[in-house]
Amino acid sequence: MPVNDNAGSLFIREGILLPGGLIIETEAFIPGWRAVRNCDGYRLGRKIEEAKWNFFYLAGEVRAIVLGREGPSTLRRAVRSILAKPEARKFNSLEVTGTRSRWFLGIPFVSITANFRHIQQGLALDPAKVLGLKPPLAPEAVIAGDQFGPVVSTS
């Protein structure tokens, strides 16, 4: 039962508010979501906290099982399956906490566990902001772009 190195992968929703001065490199992953390339959940959390913002970790794992061998296309299908769940609409980040490749009766499948994360400026998790109601832009915030390459915000 090999364990894949995708554990720790982070995905953020396109168009979210990010703290000013936060530099993260992302790449397109699935429509509406980007994969963070240059840091894991801990490092991104430290960067966000340095900017006096919050990076919430929500308790309770979500799981997905998809048929196929481990690889990028299988990871995409599993993440798409997790993000299709109704509770995913409430949060703007996802961290993969574990992947496991297995076989059952000769059929390969991959099991993925993840936790929802949420980036925001305030201390309390505010569902009104999450559900698509646009808050006014903070002076030090910038909206994450949907272009390929690094997402850079400046004050």
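Here are the numbers for this structure:
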quantity: Matching residues in segment 34-55 - criterion: being aromatic (Phe, Trp, Tyr) and buried (at least 18 other Cβ atoms within 10 Å of the Cβ); calculated: TRP53, PHE55
quantity: Residue in segment 6-53 that is farthest from the chain's Cα centre (by Cα), counting only those that are more than 24 Å from GLU87 (Cβ to Cβ) and free of Cβ contacts under 8 Å to residues at least 12 places away in the same chain; calculated: GLU50
quantity: Of the criteria (1) at pLDDT 85 or above; (2) under 23 Å from GLY45 (Cα atoms); (3) among the hydrophobic types (A, V, I, L, M, F, W, C); (4) open to solvent by 40 Å² or more (accessible area, probe 1.4 Å), which one PHE148 fails; calculated: (1)
quantity: From the options ILE24, ILE12, residue that is touching a Cys at 6+ places or on another chain (Cβ under 7 Å) and surrounded by 14 or more Cβ atoms within 10 Å (Cβ to Cβ); calculated: ILE24
quantity: Enumeration of residues in segment 76-123 that are in contact with a Phe, Trp or Tyr (Cβ under 9 Å, 6 or more places away or on another chain), part of a helix (DSSP H, G or I), open to solvent by 10 Å² or more (accessible area, probe 1.4 Å) and not basic (Lys, Arg); calculated: LEU83, GLU87
quantity: Qualifying residue in segment 58-75 (condition: in contact (Cβ under 8 Å) with a residue 24 or more places away in the chain, open to solvent by 50 Å² or more (accessible area, probe 1.4 Å) and closer than 20 Å to GLU14 by Cβ); calculated: no
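The values are calculated or read from the model by the stated rules, or taken from the named source; none is laboratory data. No experiment lies behind these values; they were computed from the predicted model shown. Counting neighbours? That spans all protein chains shown, and the Cβs are built from the backbone with ideal geometry, glycine included. Just so you know, the surface numbers come from the protein's heavy atoms only, side chains and all, with ligands and any DNA or RNA stripped out. Shrake-Rupley method; radii C 1.70, N 1.55, O 1.52, S 1.80 Å.
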